[in-house]
Amino acid sequence: MRLFADIGYHAATNSEIAAAAGLTRGAMLYHFATREALVAAAAEHIQAARLTQLDAAASNPPPGVDATGQAIAAYWRLLAEQPFVAFSELEAVARTDAMVRACVAPAQEAFDRAQVGTPFATIAQAGQGPRFQASRDLARFLLEGLARASLAYDREARVQSLIAVVDRAVRMLNRKGDVQELWSD
């Protein structure tokens, strides 16, 4: 996970992974006979770490804090954490690599289902139905895209502006805000 996050999938060769784990290449091959077996196990491990962090972010929100804002801020922070960065790397590789795509697909589905489950829905106060699913998807995928974006100038100001728009859009979809409030001057 650390190597995928720090140096990327392609640079994290089996030899690099074995060395980082303190194993000989032969010992690693004993446990993971193929690159596919290694990637599948890594995707499963990374997925478990993401779910643990998602659950931790959802539990015990600070009292009196706006739940929608808290959910958006918590997910934005999670996107910079190692498991999320590593999984993002695997998803990028999966676009053109069928083996990686097959290995990450179950984790993508599990995370998608977990995200609409109790922990995240509770802090987002999102409810049920297509309108609420759209609000979660809008927030999730815009934040994930923003985390991957290479903003060349004024990054922090632009990020904060876009997060504010995401917050307002989620509130509108959850009927917590007026349509006129999407973009404030």
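The values are calculated or read from the model by the stated rules, or taken from the named source; none is laboratory data. Computed from a predicted model, the values in this text were never measured in an experiment. A quick note on method: Cβ atoms are made from the backbone with ideal geometry, for glycine too, and the neighbour counts reach across all protein chains shown.
A few comments on the model shown:
- Failed item in (1) in a helix (DSSP H, G or I); (2) farther than 18 Å from residue 148 by Cβ; (3) at pLDDT below 95; (4) among the hydrophobic types (A, V, I, L, M, F, W, C), with residue 42 passing the rest: (3)
- Residue within segment 31-39 that is of a type in the set (Phe, Trp, Tyr), in a loop (DSSP other than H, G, I, E, B) and free of Cβ contacts under 8 Å to residues at least 40 places away in the same chain present: yes
- Selection of first residues in segment 117-143 that are within 12 Å of residue 75 (Cβ to Cβ) and of second residues that are modelled with pLDDT under 75 and part of a helix (DSSP H, G or I), restricted to Cβ pairs under 7 Å at least 6 apart or on distinct chains, gives the following pairs, ordered by first then second residue: 136/115; 136/124; 140/115.
- In segment 15-48, the residues that are of a type in the set (A, V, I, L, M, F, W, C) and more than 16 Å from residue 86 (Cα to Cα): 18, 19, 21, 23, 27, 28, 29, 32, 33, 37
- Index of the failed condition, residue 98 passing every other in (1) over 17 Å from residue 4 (Cα atoms); (2) at pLDDT 95 or above; (3) touching a helix residue (DSSP H, G or I) at 6+ places or on another chain (Cβ under 8 Å): (3)
- Only a single criterion out of (1) free of Cβ contacts under 8 Å to residues at least 40 places away in the same chain; (2) closer than 22 Å to residue 88 by Cα is not satisfied by residue 57, namely (1).
- For segment 45-66, the candidate set comprises residues that are of a type in the set (D, E, K, R) and in a helix (DSSP H, G or I); within that set, the residue that is nearest to residue 4 (Cα to Cα) is 50.
- Qualifying residues in segment 146-163 (those that are modelled with pLDDT of 90 or more and among the small types (Gly, Ala, Ser)) - the one nearest to residue 136 (Cα to Cα): 147
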